[in-house]
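Read through the structure below, which is laid out as C-alpha cells, and then see the notes.
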Amino acid sequence: MSKEESPQVTRRTTRHTSAAVSKTAVEMKASDTNPPTLNDLLYGEEEKPVSLDDVLSTFPGRKIQILELMRILGPLNCPVIPLFIYGDSSTGKTSIILQIFRHLNRPFVYASCLTCYNPRILFESVLNQLLLHRKNDANGYSSAKRCERPSDFVNFLREALVSVTTSLQGNSGKSGSKKSDRRANGNMFYLIFDNLELVREWDKSSTILPFLFNLYDILKMPEVGLIFISSTSPDTYYSSMGYVEPTPLYFPDYSEDDLRQIFMRYQENKKLYSSFLDVVLRPFVRITRRVDELSTAFSQLYKKYCEPLSDPGVVPNEEMKRRLFSNLQPHVASSMNDIFRVSSQPSTEVGATKEAKRKSGTKKSGGSEDIDQLDLHMSTSAKYLLLSAFLASRNPATLDASLFDSTGGSDNRKRKRKPSEKSLEQKEAAEQELLMKGPGTFPLERLLAIFQCITSVAEGSLEEEEEGNDWLGVQDGDDSLMSDVLLQLSSLCNANFIVKGASCPLEGSTRYRSTISEDMALKVARSLKFPLSKYIYRR
C-alpha cells in the first residue's frame, strides 16, 4: 500500500507485523513500563473505533470485499468457519482486515509468515501475544514458551485461548475504565496468519500447512476464528488430509479508476496531480497495478514534473501542462527500467519485431503494440485456448449451456417451464457468490468443451491455420487436433498464463486456473476479432 493508505502504526503493529518498523521504535515499546492488558490484543489505540464509512472511504474499489468480510464475520459472538483471503500483492488484503477489526473492536492475534520464517518462530509469536508476553532485557528477550512441535503448540495454544476467552467473558459485562473507555467487543477471538504462501518454502511445509488448516478441527473451540491471508489461490493448498474447507474471498487487482482515486487522496493540489496522473498512470498500469510499486515510481516522477513550477499550488492550464509534460517525458522510460524488472526479448526476437514494425509502416498505440507481440509469439489456436481458460475461470459452470448453446441446453421444440422468481434469485445469488471467490478452477473436460464452442464461432481463422499446418505436412484428424491443444495448454502453463492446481481429492483430476486479466483477454479477443464480451457473465 502507499504511504497514504498504510494504517497508523500502533503498539501491536510495532511488535508483530511489519518488517519496515525501525529497531529504535521496537526498543521504545519494549521498554514500556505499562503492564500489558487485553486491550493490547485490539488494533489501534484510539478510544473510539473507526466507523464503517471511514473504512469504505479509505479503500476505494473495495466496497464489495469489505461488506462481504463484514457479512462473513457476522454479528457479535457469532462463530465463523475458517476464512481464506487471497489475491495478488498490494491489493489491500491485510490492511482491510486490520481496519475491519479496528472498526469491530474485536481482539485478535496477527502472525506473518514473512517475519516468522520457521514453525518455531511462528508458534512462539502467537503464544507471546496470547500470553501478553513482551521480550525485553529483563527476560533475556526470550519467549514465554519454547515450542517447536505442533503437538506442543496445540496444548499451549488451547490453554492460552481458554484463559483469554474466559477473561473476555468476564469483561463483557463491565464498564470501561477511567484510562480508556475502549474494551473488546464480544467473546470471540481470532487468529490471523498472513503471507501463508511462504510456508510452502519451509522445510516442513508438507506437515505445517495441513496442520494449520486442521487447527480449527483440532481446537474444537467455536469462540475462536481462523483467518488465512495468501497471494495464491486455495487450489494450490490441496492435500490428501481432510479438513473444514475455508470460505474463500478474492481481492482482484485495482482498476485504473481505483488507482486514480487512491493516489488522488490527501493531495494538496488535486488539479496539478490529476494532470500528472493523466500522463503517467496508463503506461505504468500496463506493467503493474501494485500500489507500493506505483507509489515509489510516482513520488520521484512527480518531483520532476513540478520542477519548472515556482509555485506548487498553481492551477495548470493547457499550455503549462504541455510544458510540464515535455519536462517529464525523458524520465518516464528510465523510471520504468529502474523501478520494474521487465524481462527483455532475446536479440534475435527484438530484431524480428523491429523489422516487422518497420515493414508495416503504420502508427500504433501502446495497446496495439501489445497485440502485435501476441500475434508474433502466440498461434491462433493458443489464443482461443487462452480465451477458453479465461471464460472457464470467470464464468460459473452453470451458465455454460446458456452462453455457448444456442438452444439453451435443451430442445427448442420442448415447452419450457417458466422458472419462479425465488429460483431465479437463488441462481443469481449462487452465481454472484462464485464471482466473489475470484477466478475459479476448472477441469480439462470443461476447457476443451468451451474451446470447441468458441472455435466453431470463428472457423475462418482456424481454417487458415490448418492450411498452414497442411503445407507443413501436419496430418488432419481429431487425434492431431487434440495433441496440438494439449501442447498449447502445456506451453500456456509454462508461460504462467494458466496455472495448474493440485488434484482435487474428490475428483482425482487436475484442475487449472487462468491468471490473465480481463484487459489482456479483451486484447487477445480483438486480435482475433472474437466477440468475447458476449460470453462474459456480468451482473
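The values are calculated or read from the model by the stated rules, or taken from the named source; none is laboratory data. Values in this document were obtained by computation on a predicted structure and should not be read as measured data. All Cβ positions, glycine included, derive from the backbone under ideal geometry; neighbour counts span all protein chains shown. The area values use the complete protein model at the heavy-atom level, side chains included, leaving out ligands, DNA and RNA. Shrake-Rupley method; radii C 1.70, N 1.55, O 1.52, S 1.80 Å.
Can you go through 292, 258 and tell me which one is at pLDDT 90 or above and among the acidic types (Asp, Glu)? Before you say what the answer is, go through the steps one by one.
Values: 292 fails: at pLDDT 90 or above.
Only one candidate qualifies: 258.
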Inset, instruction - Could you tell me which numbered condition residue 423 fails, if it satisfies all but one of (1) within 19 Å of residue 534 (Cβ to Cβ); (2) modelled with pLDDT of 70 or more? - result: (1)
Inset, instruction - Could you please give the count of residues in the range 426-456 that are at pLDDT below 65 and assigned to a helix (DSSP H, G or I)? - result: 7
Inset, instruction - Test residue 302 against the criterion of being out of contact with any Lys or Arg (no Cβ under 8 Å at 6 or more places or on another chain) and surrounded by 15 or more Cβ atoms within 10 Å (Cβ to Cβ), and give yes or no. - result: yes
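Does residue 251 satisfy the criteria of being closer than 16 Å to residue 91 by Cβ and modelled with pLDDT of 90 or more?
yes
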Inset, instruction - Kindly provide the set of residues from the range 216-232 that are under 24 Å from the mean Cα position of the chain (by Cα) and open to solvent by less than 20 Å² (accessible area, probe 1.4 Å), ordered by number. - result: 225, 226, 227, 228, 229, 230
Legend entry - Number of positions in the range 73-100 that are under 11 Å from residue 225 (Cβ atoms) and open to solvent by less than 20 Å² (accessible area, probe 1.4 Å): 5
Legend entry - Search result, residues across the range 105-114 that are closer than 15 Å to residue 77 by Cα and buried (at least 21 other Cβ atoms within 10 Å of the Cβ): 106, 107, 108
Legend entry - The one condition in (1) in contact with a helix residue (DSSP H, G or I) (Cβ under 7 Å, 6 or more places away or on another chain); (2) modelled with pLDDT of 90 or more; (3) of a type in the set (D, E, K, R) that residue 93 fails to fulfil: (1)
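On the given criteria, is residue 117 surrounded by fewer than 19 Cβ atoms within 10 Å (Cβ to Cβ) and in contact (Cβ under 8 Å) with a residue 40 or more places away in the chain?
In short, yes.
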Legend entry - For residue 325: the one exception among (1) open to solvent by 50 Å² or more (accessible area, probe 1.4 Å); (2) of a type in the set (Phe, Trp, Tyr); (3) in contact (Cβ under 8 Å) with a residue 60 or more places away in the chain: (3)
Inset, instruction - Look at residue 289 and say whether it is basic (Lys, Arg), open to solvent by less than 70 Å² (accessible area, probe 1.4 Å) and either touching a Lys or Arg at 6+ places or on another chain (Cβ under 8 Å) or assigned to a helix (DSSP H, G or I) (or both). - result: no
Inset, instruction - Within the range 239-286, track down each residue that is touching a Lys or Arg at 6+ places or on another chain (Cβ under 9 Å) and either of a type in the set (Lys, Arg) or part of a helix (DSSP H, G or I) (or both). - result: 256, 258, 259, 264, 274, 275, 277, 278, 279, 281
